[in-house]
Amino acid sequence: MKILWASPLPPVRSGVSDYAVELLGALGSRAQVRVVEPMEWRPPNDWPLVGRVELVPTGTEAAPDEVSLVHLGNNPHHLWLLERLGRPRTAVVLHDLVLHHLLVEAAASDIDPRSLEDRLREAHGEPGAALASARKVGFTGRRDPFLFPAWQPFAARADAVIVHSRWATDIVRRDAPGLAVGRIGLPVADPGGVDRGAIRTRLGLEDGEVALMHLGFLTPEKGLVAILGGVAAATRAGVAARLVLVGEGAAGSDLKRAAEAAGIGDRVIATGWIAPDDFPSVPAAADLGVVLRTPSAGETSAAAVRFLACGTPVAVGGQRQFLELPEPAAPRLTPGPSAPAELARLLAVAADGGEAWARRRRAAREIYEAEHTPELAADQLLTFLGKTF
């Protein structure tokens, strides 16, 4: 199999960049892979894929015997990839089933002269055009992108679509009948054997403290109220709970004020930026991870998989794609006002430890090994492309 891969790459701040590096290593050992350099990109000095894939200039076209693999996410880092759609032997990896923001960015660019109204009409008919008209006079809604996800026009310009969840597979088959669709697990790097105690010490966690961890910015859309409320409730119930926020900018001033208002300002640890080589093992320090997003774009969360890879159970919102994860590895939080109490109860059980929580830890690692290793994802991808092209 010969593949021409086009996606954002590190150090671009996109989750697809991390995905690319973590999958390309395994894929490059199984296929002949050329990787298109993104516009205005230069490989970092510590580029990890030297000798495993071939970097080619931005404008490189696919050879007749290559499959073009174009990766789309919902942000402007993917604009330069749109001109690659519509070419022969092209498969699109949809990392989100909401591409509304990408469509809006495309309309504001000089990629082609079509207006936002024309693009939304193509995606969603007259209701989409009406949405564009409303925006001209200042009417917008927070859930507009989720009501008008706008992925279909992009997918329609490909021969095949690849997604990461069964939920997304069903949606694509329903809304784009006749389009070849494949599902591969969302791969993240295997942290390998980790010294959990040493990582906890580096983070400032003490013996007996129960660590709830969130990766990245904690915003209202990512469950800010439920997470702070859950830690506060657990603390009031006598659980020595700490909230660990991992990543650059994870704890801004607004979050600090919200934590203080909830009475847990002194129970929050913010790590700041963590080096890429160290990042995969950090979730091992947690007793419980948490991944909440409302509304949801409907695709598998890399953050959730990173917890599973470390054998750390992760509390998830009980909706859509999250329901595919086995409950022992990914206990569900009911969306709505009961979520903080449910999270507090989980933290209390984690504090007790014992065999019940050990089973959850084993289940987390087992689901990672069964569905989300880079090697397995590379094999699944090549099998799908081989059957399709």
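The values are calculated or read from the model by the stated rules, or taken from the named source; none is laboratory data. A quick note: this is a predicted structure, and the numbers were derived from the prediction, not measured. All Cβ positions, glycine included, derive from the backbone under ideal geometry; neighbour counts span all protein chains shown. Each accessible area value is taken on the protein alone, full model and side chains, heavy atoms only, with ligands, DNA and RNA left out. Shrake-Rupley method; radii C 1.70, N 1.55, O 1.52, S 1.80 Å.
Just a few scattered comments:
- Accessible surface ranking that places the most exposed of PHE139, PHE307 first, with a 1.4 angstrom probe: PHE139, PHE307
- Each Cα pair under 8 Å and six or more residues apart adds its sequence gap; the mean of these over the residue count of the chain is a relative contact order of 16 percent.
- Mean separation of Cα contacts under 8 Å, 6 or more apart, over the residue count of the range 276-389: relative contact order %: 25 percent
- Dipole magnitude of the range 230-371, debye to nearest 20 (Cβ charges: Lys/Arg +1, Asp/Glu -1, about Cα centre): 360 debye
- Choice from LEU255, LEU228, LEU99 showing the highest fluctuation, given a GNM over the chain with Cα pairs closer than 10 Å: LEU255
- The HN-Hα couplings worked out from phi for the range 338-345 by the Karplus form 6.51 cos²θ - 1.76 cosθ + 1.60 (θ = phi - 60°) are 7, 4, x, 5, 5, 5, 4, 5 Hz, whole numbers, x standing for Gly and Pro.
- Accessible-area composition of the chain, carbon plus sulfur, in percent [1.4 Å probe]: 53 percent
- Over the residues of the chain, the helix contribution to mean residue ellipticity at 222 nm works out to -11500 deg cm²/dmol, using -39500 (n - 2.57) for each DSSP H run of at least 4.
- Between the residues PRO276, LEU97, LEU333, the greatest Cα displacement towards the positive end of the dipole of the chain, with unit charges on the Cβ of Lys, Arg, Asp and Glu, is found for LEU333.
- The range 329-350 and the range 3-62 have Cα centres spaced 39 Å apart.
- Annotation: per residue accessible area for the chain equals 43 Å², rounded to a whole number [probe 1.4 Å, protein chains only].
- Averaging the Cα positions of each part gives two centres, and for the range 351-389 and the range 164-200 these lie 9 Å apart.
- For the range 315-372, size of Cβ-based charge dipole, Lys and Arg +1, Asp and Glu -1, in debye: 100 debye
- Within the chain: Cβ-based charge dipole about Cα centre, in debye rounded to nearest 20 (Lys, Arg +1; Asp, Glu -1): 680 debye
- Sequence-distant aspartates and glutamates (8 or more away, or on other chains) whose Cα lies within less than 17 Å of LYS387: ASP65, GLU66, ASP159, ASP379
- Nitroxide proxy distance, nm - points 7 Å out along Cα→Cβ at ASP175 and ARG13: 2.8 nm
- Taking a ≥ b ≥ c as the square roots of the eigenvalues of the alpha carbon gyration tensor, the range 284-371 is oblate, as a/c is not under 1.5 and a/b does not beat b/c.
- Efficiency of FRET between GLU221 and THR201 - r from beta-carbon atoms, R0 35 angstrom, step 0.05: 0.60
- Of all DSSP beta bridges in the range 34-121, antiparallel share, percent nearest 5: 0 percent
- Farthest positive-ward along the range 8-120 dipole, Cα basis, beta-carbon charges - from ILE111, LEU85, LEU49: LEU49
- Cβ-based charge dipole, the range 155-198, positive-most Cα from VAL163, GLY193, ALA180: ALA180
- Selection of GluC sites (Glu not before Pro), the range 1-67, meeting DSSP coil and at most 15 other Cβ within 10 Å: GLU40, GLU61
- Surface accessible to a 1.4 Å probe, LYS256 within the full protein complex, Å²: 110 Å²
- Exposure rank, largest accessible area first [ARG257, ARG242, ARG236, ARG365; 1.4 Å]: ARG236, ARG257, ARG365, ARG242
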